[in-house]
Amino acid sequence: MDKIIIEGGRPLQGEVTVGGAKNAVLPVLAATLLTSGLNEIRGVPRVRDVNTMIALLTALGARVESFEEDRLVIDTTGVRQHEAPYDLVSTMRASCLVLGPLLARLRRARVSLPGGCAIGARPIDLHLKGFRALGAQIVLDEGYVNGKAYRLQGAHVYFDSITVTGTANLMMAAALADGETVLENTAREPEVVFLADVLNQAGAKISGQGTDVITIQGVPVLKPLDGRIIPDRIEAGTYIIAGAITGGEVEVKNCVPEHLEALIHKLQEAGVVLQVSANAIQVKPAGRLNAVNIRTHPHPGFPTDLQAQFMALMTLAGGQSVILENVFENRFMHAAELCRMGAAITLEGHTAIVRGVSELGGAPLMATDLRASASLVLAALAARGESVISRVYHIDRGYEKMEQKLSRLGASIRRVR
Ligand code: UD1
């Protein structure tokens, strides 16, 4: 298993370019199953979750025609299989995104039920409730979701709580259903808006994306998809925090500042000096930061996917920061690792109380999930001495060329096998 070794304490300097968003490309790849033909997706990040989704599409009968640079061409003409097996779904929860497209296109789906994961139970009951409302028969059997539908019929679906992949799954199923579907209490994440836009370009009739009510008029067929993936706001946020935590000067290019408003406000409140332009954000050196409080919420609230990284930043701020995790029940696995570096963090249920310390020290560290791993990298960049981070396969799920990008910013970082 690979490890990442970081010698911390160097202010980062220079430019870094953000890639396409993992959470935007995964639903779009699943959505290619709604079509029959050559789908062309550009701006695709080379991360492990993308490879897993490609393996899943291939198992369902799709063919990757080419994957050069960041351009992926997928032929979905031969999609006939309807089973997403356990070995793929268990490595990536977002595999459940094929449920909606399979039900819509093949009228059948057998998808392994994702289990719990490091950050919580994460059920998909709301997805299933929505499919049932559209007229699908859903049976859980031997750890699989078995779905069948003679036809999908537009319906009114109310999500009891906001779910990002649930909104995407239902939007995809409803795109080819008969009649009108109204989804209420939907996710407003930029990745959901992007999926709706890509589907609309292919002939879908979706409106209201970006609000909490999405209306879909079903159409009989969609053209193959064609689009460029939006920049990854979580990757962008991670590099902005990398600049801030090392007291460096970093320009993060190819990002959409409107997608990062909650983070930008919180960083500015903490005293980080930012220069925001149309598609870049520059972090300037500042003195010691002030502790600020955050609460994670669905978009446009502070994203749970940046909570761990922000906590790393707060370990070195002056004063006490209260971090409330509202989206997932167990998303503080990084706290204990940060404490091993000298951070002072107390956990009380969904709340972390972080008392800023004057410095962190390098340590052997264990990555536990994707974003927790990023927070350890950030802390290690700022810490005095060497850190060795193991289980870095979590990082490879969602960060493209992280060591190369950080090295180019002047970090002392290397991967060993
Ligand atoms: C997506 C993102 C993930 C991000 C999360 C929250 C992708 C591929 N992943 O995950 O990076 O951290 O949004 O912004 O886009 N829930 C239920 N029942 C359901 C569905 C969800 O109880 O049927 C709960 C979950 O357990 C969780 C909360 O709702 O506590 C939000 O989950 P959800 O928005 O569905 O997260 P994902 O879509 O899995």
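The values are calculated or read from the model by the stated rules, or taken from the named source; none is laboratory data. This structure is a prediction, so every number in the text was calculated from the model and none was measured. With ideal geometry, Cβ positions are generated from the backbone for all residues, glycine too; neighbour counts draw on all protein chains shown. Heads up: the accessible areas ignore ligands, DNA and RNA and are worked out on the full protein's heavy atoms, side chains in. Shrake-Rupley method; radii C 1.70, N 1.55, O 1.52, S 1.80 Å.
Determine which member of the set 122, 151 is part of a loop (DSSP other than H, G, I, E, B) and within 11 Å of the ligand (Cβ to nearest atom). Of the residues listed, the single one that is part of a loop (DSSP other than H, G, I, E, B) and within 11 Å of the ligand (Cβ to nearest atom) is 122. Please verify whether segment 58-80 includes one or more residues that are touching a residue at least 24 places away in the same chain (Cβ under 8 Å), within 16 Å of the ligand (Cβ to nearest atom) and aliphatic (A, V, I, L, M). For segment 58-80, residues touching a residue at least 24 places away in the same chain (Cβ under 8 Å), within 16 Å of the ligand (Cβ to nearest atom) and aliphatic (A, V, I, L, M): absent. Open to solvent by 10 Å² or more (accessible area, probe 1.4 Å) and aliphatic (A, V, I, L, M), is that true of residue 59? Judged against the criteria, residue 59 is a match. Among the residues of segment 136-161, the ones that are among the aliphatic types (A, V, I, L, M) and either touching an Asp or Glu at 6+ places or on another chain (Cβ under 8 Å) or surrounded by fewer than 17 Cβ atoms within 10 Å (Cβ to Cβ) (or both) come to 4 in all.
Within segment 289-318, the set of residues being closer than 23 Å to residue 337 by Cβ, more than 15 Å from the ligand (Cβ to nearest atom) and surrounded by fewer than 18 Cβ atoms within 10 Å (Cβ to Cβ) comprises 293, 318.
For segment 165-206, the set of residues classified as open to solvent by 10 Å² or more (accessible area, probe 1.4 Å), in contact with a Leu (Cβ under 7 Å, 6 or more places away or on another chain) and within 13 Å of the ligand (Cβ to nearest atom) consists of 165 only.
Residue-by-condition table, conditions (1) assigned by TED's automatic domain parsing to the domain that holds residue 305; (2) within 19 Å of residue 405 (Cα to Cα); (3) within 20 Å of the chain's Cα centre (by Cα):
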position	(1), (2), (3)
195	no, no, yes
215	no, no, no
255	yes, yes, yes
259	yes, no, yes
272	yes, no, no
277	yes, no, no
284	yes, yes, no
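Evaluation of residue 162 against the conditions (1) part of a loop (DSSP other than H, G, I, E, B); (2) more than 16 Å from the ligand (Cβ to nearest atom); (3) under 27 Å from the mean Cα position of the chain (by Cα) shows that the sole unmet condition is (2). Taken over segment 235-265, the criterion of being aliphatic (A, V, I, L, M), open to solvent by 10 Å² or more (accessible area, probe 1.4 Å) and touching a residue at least 40 places away in the same chain (Cβ under 8 Å) is satisfied by 244, 245, 256, 262. Looking across segment 62-96, the residues that are buried (at least 16 other Cβ atoms within 10 Å of the Cβ) and closer than 13 Å to residue 36 by Cα come down to 62, 73, 74, 75, 76, 79. Tell me, yes or no, whether segment 211-229 has at least one residue that is polar (S, T, N, Q) and within 16 Å of the ligand (Cβ to nearest atom). Taking every residue of segment 211-229 in turn, none turns out to be polar (S, T, N, Q) and within 16 Å of the ligand (Cβ to nearest atom).
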